[in-house]
Amino acid sequence: MRHTFGGIWTRNKLEILDDYLRFYVKALQNQPFVLHYVDAFAGMGTHRPKENEGQQAILPMEDLVGSVRVALDVEPGFHHYHFNDLSEDHVRELERIKQEYPGKKIHVTQEDANIFVPHFCEAMSQNDRAVLLVDPYNTEFDWITLKHIAYTGKIDLWLLFPISVVLRMTPKDGVQIRDEWATKLERLLGTSEWKEELYKQKEKPMYLDMFPSKQGALEERVNVSALTDWVRARLSQEFCYVGTPFLLRNNGKPLFLFFLAITNPKHAARELADKMHAHLQRTRGC
Ligand SMILES: C[S@@+](CC[C@H](N)C(=O)[O-])C[C@H]1O[C@@H](n2cnc3c(N)ncnc32)[C@H](O)[C@@H]1O
């Protein structure tokens, strides 16, 4: 069975994750913590980039290592690995991967990530610490689930936010936003006020005052940069630290924002995350 999705941006994302996991286990290996790697949308260990998404030519059309194998190959390693996926086929493959690593404590589950993540968060003990990857295809992850993560104070979150989908569901002129999109946006963004936030009064040329009949839409959606700032600001209301996101693109078009968000309120934890984030921006910034 083959898992076909993603492209050049997927590789950028996994390189960032790989660097962060290596940094994390090194930084915490001599602390009295039980370290968990948690993959809420785990996939099946490998994937093949889609051929029909206008891929940049440098990407080989072969199976690439996915987040699960990236995490398993980090040394000295985590004490526990939690791989969750809704797909039965993917879970079967995850169970097979588990057999390949008999020395590692791997837990495989098949749940909706919006149920799995709160369960994991509630079960965390005092000495548990975790890196959690939220890597959906697009809008499957609800904002409300982020609140469970933020509440723990023990999780470093890497969140893939589907900015291209938000842009598609919010046409520039704000008209004809389908009802089902509005519902999805509310779940994804965690507020019913997204429309007021994302649409601003258009600057209109003076002559239109003289020809009111020629006026089109009076509002327009904010641009990518303002949308990014708004999502980051909203995350910052929930988390103690939120790094500037990595903008993952395909052929120049924005696809995803990849955010690091820290829940540990201690100054030292935020400082460490910020240092690593700055390093990643320098070396992996895309
Ligand atoms: C983008 S892929 C994950 C890729 C993986 N992290 C990797 O690097 O190989 C998204 C995965 O989420 C799974 N999925 C979709 N909806 C889900 C949900 N509501 N809860 C959990 N998993 C879901 C899909 O089966 C798919 O394997």
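The values are calculated or read from the model by the stated rules, or taken from the named source; none is laboratory data. Because the structure is predicted, anything quoted here is derived from the model rather than measured. So basically every Cβ, Gly included, is an ideal-geometry build from the backbone, and we count neighbours across all protein chains shown. The area values use the complete protein model at the heavy-atom level, side chains included, leaving out ligands, DNA and RNA. Shrake-Rupley method; radii C 1.70, N 1.55, O 1.52, S 1.80 Å.
Worth pointing out:
- Hits in segment 123-178 - residues which are open to solvent by 30 Å² or more (accessible area, probe 1.4 Å), within 27 Å of R11 (Cα to Cα) and in a helix (DSSP H, G or I): L167, R168
- Only residues that are touching a helix residue (DSSP H, G or I) at 6+ places or on another chain (Cβ under 6 Å) and of a type in the set (A, V, I, L, M) were counted in segment 72-99, giving 1.
- Selection of segment 235-248 for residues being touching a residue at least 12 places away in the same chain (Cβ under 8 Å) and either surrounded by fewer than 18 Cβ atoms within 10 Å (Cβ to Cβ) or closer than 19 Å to G174 by Cβ (or both) yields E238, C240, T244.
- Index of the failed condition, F259 passing every other in (1) surrounded by 15 or more Cβ atoms within 10 Å (Cβ to Cβ); (2) modelled with pLDDT under 95: (2)
- Among the residues of this structure, K104 counts as one that is away from the ligand (no atom under 13 Å from the Cβ), farther than 22 Å from R270 by Cα and touching a Phe, Trp or Tyr at 6+ places or on another chain (Cβ under 9 Å).
- When G174 is tested against the conditions (1) more than 16 Å from the ligand (Cβ to nearest atom); (2) on the phi < 0 side of the Ramachandran plot; (3) touching a Lys or Arg at 6+ places or on another chain (Cβ under 7 Å), the lone failure is (2).
- Flag for N251 being modelled with pLDDT of 95 or more and more than 18 Å from the chain's Cα centre (by Cα): no
- Pairs are defined by a Cβ separation below 7 Å, a sequence spacing of at least 6 or placement on different chains, a first member in segment 121-147 that is closer than 15 Å to V231 by Cα, and a second member that is of a type in the set (S, T, N, Q) and crowded, with 21+ Cβ neighbours inside 10 Å; no pair meets this definition.
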